[in-house]
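Undergrad: Please find one structure pasted underneath; my questions will follow.
The values are calculated or read from the model by the stated rules, or taken from the named source; none is laboratory data. Source: prediction; values computed, not measured. For neighbour counting, all protein chains shown are included, and Cβ atoms are generated from backbone atoms with ideal geometry for every residue, glycine included. The area values use the complete protein model at the heavy-atom level, side chains included, leaving out ligands, DNA and RNA. Shrake-Rupley method; radii C 1.70, N 1.55, O 1.52, S 1.80 Å.
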Amino acid sequence: MTEHTRIATQPIAGQKPGTSGLRKKTRVFMQPGYLENFVQSIWNGIGGIRGRTLVVGGDGRFFNESAIQTILKMAAASGAAKVIVGQNGFLSTPAASNLIRMRKADGGVILSASHNPGGPDEDFGIKYNIANGGPAPEGITQAIFEATETIDSYDIWEGPDADLSALGERDFGGMALEIVDPVDAYAALMEQLFDFDAIRALLAGGFRIRFDAMHAITGPYATEILENRLGAPRGSVVNAVPSPDFGGGHPDPNPVWAKDLMDAMHGPDAPDFGAASDGDGDRNMIVGRGAYVTPSDSLAVLAANAHLAPGYAGGLKGVARSMPTSCAVDRVAEARGMDCYATPTGWKFFGNLLDAGMATLCGEESAGTGSDHVREKDGLWAVLLWLNILAVKKQSVAEVMADHWAEFGRTYYSRHDYEAIDSDVANRLVDDLRAELGGLPGWTHDGLVIESAEDFSYTDPVDGSVAAKQGLQIRFEGGARVVMRLSGTGTEGATLRVYLERFDPQDFGQDPQAALAPVIAAADVLAGISKRTGRTGPDVIT
Ligand code: VG1
Ligand code: CO
């Protein structure tokens, strides 16, 4: 057995995983022992890693490689049999999920703070995924958190760093270390699911696309799949080289942070189809020429049309959305006789439904869509499914949306984020509104009448586990809705998310903010948002 060193340590407060792993400022992670404590707590929380196989990779942000070196040395010291790492430490989140499944690994460690900016003064994150390829469920993240509260030592092999650039398998501190191409297996999976010939023909026929990788991890994936394999002209993928600080931007694919793409898609010589992905490649933004598609609408369109792609030709077993995601997909499910589940925010809640074959397609309003092909949301997958659908339907994005609304009605939807507000103010706002929920039915404002108000609690239909306090949900007569919750991915103060929607069966041409104006006003009156936060409006509207 390889020599390893046991280093004494003490618990560090606040190592509690949120919506998607532990996220902190990069400098916090770089403090001596911080990463080591958390990694050892993962091993302790899952019952050790002796003899096990893990997949490790990240989105290439600042500190990615050095964190991976530490994790490898700690895996070797704790007796892991094998670790599979993406070349240069790169793996998109969906590609990591796929590798865990394909290689029958026992789990994986993914380094990313996703859509949060990267760099020494920005954010870093780490998350553990289980053998099904999906984020660890709450029971496991809780066990990991408890381990961080009692840790007194960690084990590490103090050998030289691994060369992460050389493909192949070798010994590393008594453990097998295999470096794999990050793109190959993922691209092969996409070829199985989609009709690449049809998409190739679409692109060869002059259909122009622009994919903005936002200087993040999907660059190499999109270049290989869209340009090399599907024949999109060189340059169709922009910002394709991952950079440690994402070119100084927010790798968050929404109209605010992907403004370049929005401008290009609304400009005079706009391509036919635009898309973007986030830091770790699990989110997607879809935009047609002059036609932005909200993530909630995108989920509904994919649910209605997925059967046009070979991987889903047999139909969908069911669909699932996070509770704050709009009810547009529910209307598709109802019309097509499919089950539809509403889960708390965060992909970890979809895992059981996918494993049990109760849902095939899942999505969140935050630009995440995915299916049972992996156990994470998957940005490029959504782009390819859209392209496959467009290739079969021979319609523009705008035409697909118009047809969809004509069939199912339009659910106007928007999310208003109030970022970095004082945590006490945010908690009080939510607590006070929660305390009032019972008395709200019947409350009216500007013609809106509250039908029901609840503090969302989810009982997993597969294992019976309960997740309480997952957001305040207020429904109005006629199908309008407000949801409020605090973000679980931020690293500074609190972020209040206000989700707004209103159903309209016949008028599809309104500006969403105008269509939602009464709902927005009611939300402010109900929670006293501007009064309590002192803000005149949200920081980000998506
Ligand atoms: C946000 C989104 C949520 C998503 C999560 C992780 O969480 O709202 O839908 O699952 O980020 O996405 P929160 O708690 O900040 O609202 V990613 O792309 O960071 O892995
Ligand atoms: Co992400």
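Undergrad: Restricting the search to the stretch 224-244, which residues are farther than 20 Å from residue 197 by Cβ and either of a type in the set (Val, Ile, Thr) or not in a loop (DSSP other than H, G, I, E, B) (or both)? Working first, answer last.
TA: Going through the stretch 224-244, the residues farther than 20 Å from residue 197 by Cβ turn out to be 234-235, 237-244.
The answer is 237, 238, 241.
Undergrad: Might you let me know whether the stretch 385-397 holds any residue that is under 27 Å from residue 456 (Cβ atoms) and either under 23 Å from the mean Cα position of the chain (by Cα) or of a type in the set (Lys, Arg) (or both)?
TA: Initial filter on the stretch 385-397 (under 27 Å from residue 456 (Cβ atoms)): none.
No, that holds for no residue.
Undergrad: Just to check your reading of the model, which residue among 13, 8 is under 27 Å from the mean Cα position of the chain (by Cα), surrounded by fewer than 17 Cβ atoms within 10 Å (Cβ to Cβ), of a type outside the set (D, E, K, R) and under 18 Å from residue 154 (Cα atoms)?
TA: Values: 8 fails: under 27 Å from the mean Cα position of the chain (by Cα).
After applying the criteria, what remains is 13.
Undergrad: OK, next. Tell me the residue from 153, 165 that is farther than 18 Å from residue 105 by Cβ, touching a strand residue (DSSP E or B) at 6+ places or on another chain (Cβ under 7 Å), open to solvent by 40 Å² or more (accessible area, probe 1.4 Å) and at pLDDT 95 or above, please.
TA: That would be 165, the only listed residue that is farther than 18 Å from residue 105 by Cβ, touching a strand residue (DSSP E or B) at 6+ places or on another chain (Cβ under 7 Å), open to solvent by 40 Å² or more (accessible area, probe 1.4 Å) and at pLDDT 95 or above.
Undergrad: Kindly indicate the residue of the stretch 62-80 that is touching a strand residue (DSSP E or B) at 6+ places or on another chain (Cβ under 7 Å) and outside any helix (DSSP H, G or I) and also surrounded by the most Cβ atoms within 10 Å (Cβ to Cβ) among those meeting that condition.
TA: Of the residues in the stretch 62-80, the ones touching a strand residue (DSSP E or B) at 6+ places or on another chain (Cβ under 7 Å) are 63-65, 67-68, 71-78, 80.
So of that shortlist, the ones also outside any helix (DSSP H, G or I) come out as 63, 78, 80.
Working: 63: 20, 78: 21, 80: 27.
The extreme case among them is 80.
Yes/no matrix, rows are residues, columns are (1) within 16 Å of ligand 2 (Cβ to nearest atom); (2) closer than 28 Å to residue 137 by Cβ; (3) of a type in the set (S, T, N, Q); (4) touching a helix residue (DSSP H, G or I) at 6+ places or on another chain (Cβ under 7 Å):
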position: 427; (1), (2), (3), (4): no, yes, yes, no
position: 446; (1), (2), (3), (4): no, no, no, yes
position: 460; (1), (2), (3), (4): no, yes, no, yes
position: 478; (1), (2), (3), (4): no, no, no, no
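Undergrad: Then there is this: With respect to residue 275, determine if the residue is away from ligand 2 (no atom under 16 Å from the Cβ) and not hydroxyl-bearing (Ser, Thr, Tyr).
TA: On the way: away from ligand 2 (no atom under 16 Å from the Cβ): no; not hydroxyl-bearing (Ser, Thr, Tyr): yes.
No.
Undergrad: Taking residue 199, is it closer than 30 Å to residue 39 by Cα and open to solvent by less than 20 Å² (accessible area, probe 1.4 Å)? Reasoning before the result, please.
TA: Details: closer than 30 Å to residue 39 by Cα: no; open to solvent by less than 20 Å² (accessible area, probe 1.4 Å): yes.
No: the conditions fail for residue 199.
Undergrad: To continue, here is another question. For the stretch 97-114: of the residues being away from ligand 2 (no atom under 16 Å from the Cβ) and farther than 24 Å from residue 36 by Cβ, which is surrounded by the most Cβ atoms within 10 Å (Cβ to Cβ)?
TA: Keep residues of the stretch 97-114 that are away from ligand 2 (no atom under 16 Å from the Cβ), which gives 99-107.
Within this subset, residues satisfying the condition of being farther than 24 Å from residue 36 by Cβ are 99, 101-104.
On the way: 99: 25, 101: 21, 102: 16, 103: 16, 104: 8.
Looking at the filtered set, the residue picked out is 99.
Undergrad: Looking only at the stretch 248-272, filter to residues that are open to solvent by less than 10 Å² (accessible area, probe 1.4 Å) and within 16 Å of ligand 2 (Cβ to nearest atom); which one of those is nearest to residue 123 (Cα to Cα)? Can you show your working first?
TA: So in the stretch 248-272, the residues open to solvent by less than 10 Å² (accessible area, probe 1.4 Å) come out as 251, 253, 258, 261, 265, 270.
Those left that are additionally within 16 Å of ligand 2 (Cβ to nearest atom): 251, 253, 258.
Working: 251: 12, 253: 17, 258: 19 Å.
Restricting to residues being open to solvent by less than 10 Å² (accessible area, probe 1.4 Å) and within 16 Å of ligand 2 (Cβ to nearest atom), the top hit is 251.
Undergrad: Same structure, new question: Got at least one residue in the stretch 234-244 being of a type outside the set (Val, Ile, Thr) and surrounded by 24 or more Cβ atoms within 10 Å (Cβ to Cβ)?
TA: yes
Undergrad: Does residue 482 count as assigned to a strand (DSSP E or B) and within 29 Å of residue 340 (Cα to Cα)?
TA: Judged against the criteria, residue 482 is a match.
Undergrad: Sort through 94, 135, 117 and tell me the only one that's farther than 16 Å from residue 35 by Cβ, touching a His at 6+ places or on another chain (Cβ under 7 Å) and within 15 Å of ligand 2 (Cβ to nearest atom). Step through it out loud before you land on a result.
TA: Numbers: 94 fails: touching a His at 6+ places or on another chain (Cβ under 7 Å); 135 fails: touching a His at 6+ places or on another chain (Cβ under 7 Å).
117 is the lone residue from the list that is farther than 16 Å from residue 35 by Cβ, touching a His at 6+ places or on another chain (Cβ under 7 Å) and within 15 Å of ligand 2 (Cβ to nearest atom).
Undergrad: Let me ask something else. Check off (1) surrounded by fewer than 24 Cβ atoms within 10 Å (Cβ to Cβ); (2) touching a Ser or Thr at 6+ places or on another chain (Cβ under 8 Å); (3) among the basic types (Lys, Arg) for residue 27 and give me the number that stays unchecked.
TA: Condition (2) is where residue 27 drops out.
Undergrad: So which residues in the stretch 268-324 are within 15 Å of ligand 1 (Cβ to nearest atom) and not in a strand (DSSP E or B)?
TA: Hits for the stretch 268-324 are 278, 279, 280, 281, 282, 294, 295, 296, 298, 299, 323, 324.
Rundown of residues vs (1) farther than 26 Å from residue 515 by Cβ; (2) within 13 Å of ligand 1 (Cβ to nearest atom), yes/no style:
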residue: 388; (1), (2): yes, no
residue: 405; (1), (2): no, no
residue: 415; (1), (2): no, yes
residue: 445; (1), (2): no, no
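Undergrad: While we're on this one: Has the stretch 165-184 got at least one residue that is in a helix (DSSP H, G or I) and under 29 Å from residue 314 (Cβ atoms)? Break it down stepwise before answering.
TA: Here is the first cut: in the stretch 165-184, the ones in a helix (DSSP H, G or I) are 184.
Now narrow it down to the ones that are under 29 Å from residue 314 (Cβ atoms): 184.
Scanning the stretch 165-184 turns up at least one residue that is in a helix (DSSP H, G or I) and under 29 Å from residue 314 (Cβ atoms).
Undergrad: Among the numbered criteria (1) closer than 22 Å to residue 347 by Cβ; (2) open to solvent by less than 60 Å² (accessible area, probe 1.4 Å), which one does residue 450 miss?
TA: (1)
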